[in-house]
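Report on the following structure.
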Amino acid sequence: MKNTETNLHVRGLSQFIDDRNVPEGTLHAAVFDSPIAHGDISKLDIKKAKSSNGVVDVLTFKDIPGQNQVGNIIADEVLLAEKEVEFIGQPIAIVVAQSAREARAALSKIKIDTDEKPPVTDPREAAAKGNFIAPPRTFSLGNTQTTWQDCDLIVEGIAESGGQEHLYLEMQGALATPKENGKIEVISSTQGPTSVQKTVARILDIPMHKIEVDVLRLGGGFGGKEDQATIWACLAALAANVCNKPVKLVLRRHEDMRMTGKRHPYTSDFKIGLSSDLKILAYEAQFYQNAGASADLSTAILERTLFHATNSYFIPNVQATAYSCRTNLPPNTAFRGFGGPQGMFVIESAIAKAAEKLDVDPIEIQKANLLNEGDTFPYGQIVKNGRAKASWDDMEKRYELDGLKKQINKFNSENTMTKKGLAVMPICFGISFTATFLNQANALVHVYSDGSVGVSTGAVEMGQGVNMKMRQVASTIFSIAVSRVHTETTNTSRNANTSPTAASAGADLNGHATKIACENILTRLKKSATEILFKGNPDSITIQNEVVYFNGEPTNLSWNDLITQTYLKRISMSAHAHYSTPEIYFDKAKEKGLPFAYHTFGAAIVEASVDCLRGTYHIDKVHVSHDFGKSMNELVDLGQAEGGIVQGLGWMTLEEIIYNKKGKLQTGTLSTYKVPDIYFAPDEINVHFLENPFPNAAIFNSKAIGEPPLMYGIGGYFAILDAIKAFRPEIEKEYIAPMTNERVLMMLHKMT
Ligand code: MTE
Ligand code: LUZ
Ligand code: MOS
């Protein structure tokens, strides 16, 4: 089943914030941001900017009527800087003008004097200075200390992974319009309409019911708009409030790249101990997360790093500690995988390094340690309906792993300057927000008197196809054509207290709520049908393909007739329903619990070739066996898998974010920051939908798909490393991502 929204996308008919017709008299805002990474503002002169052409006002923190605070988990982030600035790109003032061009032109007329302080950009340096966002967290299982003596091999090392720019096609932005009686409507490109509503209310010191946040769709979010869309919405709302005019604020690409946070870079220490039969007996890791200047979602992301520190392996003795380090960079934030990929890269590096020492293929170690049913994760949850082995075995057979390895060895023995490499990447990703309270959703469903259906939920469409899935849920429960079902914008006045669309749980949570709401209406419709048909028991009624059945036999009552008559009988055909994931909990004092409704598993083979003269490479093929559960929409899910894989490969290979020592972004343009394009993408991506015999907690036995496939991209790093090994077996390998062409070249021709 096609995602019908794509018809709009490819014809340019989908509306993003910048495509909307703005109300008459709309003003435009531009942001004046900090030129230094750390220091105090000694003087800010906005007079000249105020009298610049077309400028209506220039606003600073002094114009904020409520709290100057946008921190979500921890209240440590001001909307507009007061005295201190903590990163280059930090908003200090906004210019409001008749046009965006005039607003931007006035920015250079703002004069700022600062007393610079030395910035910290490196997380280990921040840690040494005790600059933490929050106290460290440790997950442990068994006892590593007493186990090292039983290990036949112990390997220690460092693994580092870099940041990643979200590069959503639609920049951050919002349009805020003052309405009657102090109400403000905010159209925002956000994954979290409720967060925007709550934070705008705090900034303006007005109740949440006076703020209506509306989201039609995003041109991509990837986590970058889970928390960080709020700032721009607050600035637009502040300006709308002060000027009493609609205000639009949309960042330009360079502003967005400079001012917003990215995936967290990590630097980590690991120690791994194995027995001679390749069982991992003990694993220790210390993760240093580069959080940037304020918390944002860093602590939650740090937690997920710990949850995924052992990927899809059972390790009986684990000690993993994670530090969230405060630096003078833009606050880093959610990015597809949410800290999970960073944790998984470290264990894969540890395995690769151990394999190197043992002179075995890492694949052998990976395979020997896969999770079994009943194994315990370091956080206490037990593996249930686990698919680590099932997906591995399917991958191995389906794609003839041994044969592929042989082909590669043969190629390498026949070629000197081009080498091929192969790596396997198994994944295990926990599904649920790790903050248990976020695992709730609500839906409002209306059946209109013409038989068409409107569905409103807290789910935000950002290209992942959640609207299509919601339509499928309603159409399945009512047994009506999908074309009869329309999804409304995500709006805080229709759906209150919603969680951001994140953690891959958008379809799971909102799908369940939609299902319950539809079922409630269906119950009323069935009762109504018995009355219309003069037949006794509502349980004997079903609706199949828009026809009412009685005891399994079609009647002459159609969906349309049923709806019309039910309306005339004055029966409600609307329902609101709430869903919360059952059973899950987590005890932070013990760092144990059952945080996830279920886990998603799969295994990928990644093949790469490296030009050993130039250091250039190509990812040739990716072959995946992935457990989608019973996919609700194979086309949508395949798109998610392919997109995630390529995005993960980009993070591991091409995409390099560099800040200089002064905290200035050196890769803040698309000519200096390279993301995968169609030429970079693997020649082949084969995704097999693994059959799953088990029931799942997700909607209609499907499984969340948004984030997990990104982690197959980690295999790209190790496939390239494998090719390098074929060229220079003797050199000491590094576990530093991204594996850029430069890094490959340096490794290939490293002096020893
Ligand atoms: N796919 C597209 N096209 N655009 C996006 O922004 N975000 C990803 C993923 N897939 C994203 C995407 C992220 S980070 C998440 S958490 C999920 O989609 C969110 O949607 P879901 O919960 O409905 O899967
Ligand atoms: N967001 C969040 C997430 O707030 N909590 C999570 O556990 C999470 N996981 C993945 C992506 N976003
Ligand atoms: Mo996705 S990182 O949970 O928005």
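Counting only protein heavy atoms and a 1.4 Å probe, segment 357-437 has 45 square angstrom of accessible area per residue.
For segment 185-239, just say rounded, prolate or oblate: build the C-alpha gyration tensor, square-root its eigenvalues into a ≥ b ≥ c, call rounded for a/c under 1.5, and beyond that prolate if a/b exceeds b/c, oblate if not.
The shape class here is prolate.
Taking the 1.4 Å solvent-accessible surface of segment 591-631 as the whole, the part contributed by carbon and sulfur is 55%. Of the peptides 443-451, 330-338, 348-356, 42-50, the ranking by mean beta-carbon count within 10 Å, highest at the top, reads 330-338, 348-356, 443-451, 42-50. Taking amide H atoms as placed 1.01 Å from N in the peptide plane, the amide H of Gly463 lies under 5 Å from those of Leu218, each 5 or more residues away in sequence or on another chain.
For Glu373 and Thr523, the difference between the fully extended length at 0.36 nm per residue and the C-alpha to C-alpha distance is 50.1 nm. Of the lysine pairs in segment 107-263, how many meet both conditions: Cα atoms under 26 Å apart, and a spacing of 8 or more in sequence or different chains? Lysine pair count for segment 107-263: 29. Packing here is the average count of other Cβ atoms within 10 Å per residue, and on that basis the peptides 81-88, 320-327, 432-439, 4-11, highest first, run 320-327, 81-88, 432-439, 4-11. Packing, taken as the mean count of other beta carbons within 10 Å per residue, orders the peptides 521-527, 535-541 from highest to lowest as 521-527, 535-541. Can you give me the C-alpha center-to-center distance between segment 1-62 and segment 705-752, rounded to a whole angstrom? Value for the Cα centre distance between the two parts: 40 Å.
Each residue of segment 383-398 was assigned a 3J(HN,Hα) from its phi angle through the Karplus expression (A = 6.51, B = -1.76, C = 1.60, θ = phi - 60°), giving 5, 10, 6, x, 10, 4, 6, 4, 6, 4, 4, 5, 4, 4, 6, 4 Hz with x at Gly and Pro. For segment 321-457, the carbon plus sulfur part of the accessible surface works out to 50%, probe radius 1.4 Å. Surface composition of segment 69-172: carbon plus sulfur atoms hold 50% of the accessible area, using a 1.4 angstrom probe and ignoring ligands, DNA and RNA. Annotation: aspartates and glutamates with alpha-carbon distance below 16 angstrom to Lys588 (same-chain offsets under eight excluded): Glu303.
Solvent-accessible surface of segment 573-661, averaged per residue with a 1.4 angstrom probe and all protein chains in place: 36 square angstrom.
Evaluated over segment 1-102, the count of Lys pairs having alpha-carbon atoms less than 26 Å apart is 9 (only pairs 8 or more residues apart or interchain). Distant-in-sequence amide contacts of Asn686, defined by a placed amide H-H separation under 5 Å and a gap of 5 or more residues or a different chain, comprise Val622, His623, Val624. For the chain, averaging the sequence separation of C-alpha pairs within contact (under 8 Å, six or more residues apart) and dividing by the residue count gives a relative contact order of 15 percent.
Potential lengthening of the chain between Ser483 and Gln666 amounts to 61.1 nm, from the contour at 0.36 nm per residue minus the alpha-carbon distance. In order along segment 597-610, the Karplus-derived 3J(HN,Hα) couplings, from 6.51 cos²θ - 1.76 cosθ + 1.60 at θ = phi - 60°, round to 5, 5, 10, 10, 10, x, 8, 10, 9, 10, 10, 9, 10, 10 Hz, and Gly and Pro are given as x.
Take every pair of alpha-carbon atoms less than 8 Å apart whose residues are at least six positions apart; their mean separation over the length of segment 387-528 yields a relative contact order of 25 percent. Consider a paramagnetic label point 7 Å from the Cα of Lys384 along Cα→Cβ; state which residues of segment 689-727 have an amide N under 17 Å from it. Within reach of a label on Lys384: 693-704. Of all lysines in the structure, the ones whose alpha carbon falls short of 25 Å from that of Lys535, not counting any fewer than 8 places away in one chain, are Lys526, Lys527, Lys569.
Among the trypsin sites (Lys or Arg not before Pro) in segment 204-257, those placed in a DSSP loop whose Cβ has at most 16 other Cβ atoms within 10 Å are Arg252. Could you tell me the calculated FRET efficiency between Val675 and His9, based on Cβ-Cβ distance and R0 = 22 angstrom, to the nearest 0.05? Calculated transfer efficiency: 0.70. Between Phe132 and Asp63, the modelled labels are 4.0 nm apart [label points 7 Å from Cα along Cα→Cβ]. Rolling a 1.4 Å probe across the protein heavy atoms gives segment 451-507 an accessible surface of 24 Å² per residue. Listed by chain and number, the lysines whose C-alpha is less than 26 Å from the C-alpha of Lys406, apart from same-chain residues fewer than 8 away, are Lys279, Lys353, Lys357, Lys367, Lys389, Lys397, Lys419, Lys420, Lys621, Lys725, Lys733. If R0 is taken as 35 Å, the Cβ-Cβ distance between Tyr585 and Glu156 corresponds to a FRET efficiency of 0.50. With the simple spin-label model, which puts each label point 7 Å out from Cα in the Cβ direction, the Lys569 to Asn556 separation comes to 1.9 nm.
Based on the Cβ-Cβ distance of Thr436 and Glu24, what FRET efficiency does E = 1/(1 + (r/R0)^6) give at R0 = 56 Å, to the nearest 0.05?
0.75
Distance between Cα centroids, segment 277-329 to segment 405-426: provide it in whole Å. Segment 277-329 and segment 405-426 have Cα centres spaced 32 Å from each other.
The values are calculated or read from the model by the stated rules, or taken from the named source; none is laboratory data. Owing to the predicted nature of the structure, the values given are computational and were not obtained by experimental measurement. For neighbour counting, all protein chains shown are included, and Cβ atoms are generated from backbone atoms with ideal geometry for every residue, glycine included. Quick note on the areas: whole protein, heavy atoms, side chains included, nothing else; ligands and nucleic acids left out. Shrake-Rupley method; radii C 1.70, N 1.55, O 1.52, S 1.80 Å.
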